[in-house]
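This report refers to the structure that appears directly beneath it.
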Amino acid sequence: MFMCRSGPGSCALMAASIAAVRVLVVSVGRLRAPYADDVQHYQRLLARYVRLELVEVRDEARRPLRGPEHPGSQAPAPPDHLRRRLPPRAFVSLLDRGGETFDSLSFSRFIEQRRRSGRDLCFVVGGPHGLDLDGVDHRFSLGALTLPHQLARVVVLEQVYRAHKILAREPYHY
């Protein structure tokens with residue numbers, strides 16, 4: 001869904017810039033069954049709406065010390081190879097339990113704003129011990145519940161799919 005600005009050819013230019021925007025999901029660790037089938041399912045569904053790229057990076061982080069005996073411990077810092085996989089000039093949204101939460105309609109508006117900006121949208125999903133990444137454009141929370149990092153990938157893809165269905169005004173979201 002997009003609006004045309006006045007002027008000849010402006011609709012085609014806007015459509016081209018929106019189509020050129022990619023959605024990337026950069027994830028720490030390898031995806032395994034049963035989540036791999038779900039990711040492939042949403043990858044197929046999203047192909048109609050967006051250029052989707054899924055990137056996996058090695059999980060080289062050591063387990064952080066957690067619990068009351070280790071106050072102030074944080075998620076591991078991102079490895080250099082993860083930073084190298086983030087596209088330049090992309091809008092980077094890190095999944096973070098303290099990040100912004102959305103309902104489905106507001107998330108679809110978020111996606112539309114990102115598409116209109118002309119910048120690629122990159123979601124970063126940490127590994128089983130989390131991830132601390134400075135300098136991101138946005139922090140995004142899937143809610144107060146703790147999810148396995150592999151399931152978080154599936155949920156992100158489902159929500160991106162749902163957002164595109166909402167924007168296209170096609171049935172799926174109730």
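Values quoted throughout were computed directly from the atomic coordinates according to the rules given, and no laboratory measurement underlies them. Being a predicted model, the structure only gives us computed values, none of them experimental.
Quick notes on this one:
- Across the stretch 86-95, rounded Karplus estimates of 3J(HN,Hα) from the backbone phi angles (6.51 cos²θ - 1.76 cosθ + 1.60, θ = phi - 60°) give 7, x, x, 6, 6, 7, 9, 10, 8, 5 Hz, Gly and Pro being marked x.
- Taking every DSSP bridge with both residues inside the stretch 83-174, close to 10 percent are antiparallel.
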